[in-house]
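Engineer: Before I ask anything, here is the structure I am working with.
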Amino acid sequence: MKSTGITRRIDEMGRFVLPMELRKAYGITSETPLEIFTEGDTILLRRYQPAGSCSLCGEISADAVTFHGKTVCGSCRRALGRM
């Protein structure tokens, strides 16, 4: 893991603000679901992606394939083929 040097306090309701720089860098908006993991004394946030969903559009489809460790649906494969 890499330290960002950014610190935040947690408010009385248990909330904290994820800095704008990190939200922009990782494409996180107010609509982005995040998963929370723990390991020892570490808390890790990761963009939630349901198992089997397309890494590009997020849709779950029966024709999805794995390519270089990423799941890609048929629609995105066809769109990429047109580029």
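Engineer: Check each of the trypsin sites (Lys or Arg not before Pro) in region 1-45 and keep only those in coil by DSSP with at most 16 other C-beta atoms within 10 angstrom; list them in order.
Structural biologist: Answer by residue number: Lys2, Arg8, Arg9, Arg15.
Engineer: Another one. For region 26-83, which trypsin sites (Lys or Arg not before Pro) are both in a DSSP coil and crowded by at most 13 other Cβ atoms within 10 Å?
Structural biologist: Here the sparse-neighbourhood loop sites are Arg82.
Engineer: Out of Pro33, Pro50, Pro19, any idea which swings most in a Gaussian network model of the chain, alpha carbons joined below 10 Å?
Structural biologist: In this elastic network of the chain, the residue with the biggest mean-square fluctuation among Pro33, Pro50, Pro19 is Pro19.
Engineer: Could you give the length gained on full extension between Phe37 and Thr7, defined as 0.36 nm per residue of separation minus the Cα-Cα distance, in nm?
Structural biologist: 8.9 nm
Engineer: Report the chymotrypsin sites (Phe, Trp or Tyr not before Pro) located in region 14-68 that are in a DSSP loop and have at most 11 other Cβ atoms inside 10 Å of their Cβ, or state none.
Structural biologist: Passing sites in region 14-68 are Phe16.
Engineer: Mind telling me which of Gly14, Gly69, Gly58 comes out most flexible in a GNM of the chain, alpha-carbon contacts under 10 Å?
Structural biologist: Gly14
Engineer: Of the options Thr32, Gly52, Thr66, report the single residue whose Cα projects farthest towards the positive end of the charge dipole of the chain (beta-carbon charges: Lys, Arg +1; Asp, Glu -1).
Structural biologist: Result: Thr66, furthest along the dipole toward the positive end.
Engineer: Shifting gears a bit: Name the residue, out of Thr42, Thr71, Thr32, whose mean-square fluctuation peaks in a Gaussian network model built on the chain with Cα pairs under 10 Å.
Structural biologist: Thr42
Engineer: Now a separate question. Could you calculate the FRET efficiency of Arg23 with Val65 from 1/(1 + (r/R0)^6), where r is the beta carbon distance between them and R0 is 35 Å, rounded to 0.05?
Structural biologist: E(calc), rounded to 0.05, equals 0.70.
Engineer: Once you sort the root eigenvalues of the Cα gyration tensor of the chain as a ≥ b ≥ c, which label holds: rounded (a/c under 1.5), prolate (a/b larger than b/c) or oblate (the other case)?
Structural biologist: Here the chain falls in the prolate category.
Computed from the coordinates by the stated procedures, all read-outs in this text should not be read as laboratory data. Since this is a predicted model, take the numbers as computed values, not measurements. Counting neighbours? That spans all protein chains shown, and the Cβs are built from the backbone with ideal geometry, glycine included.
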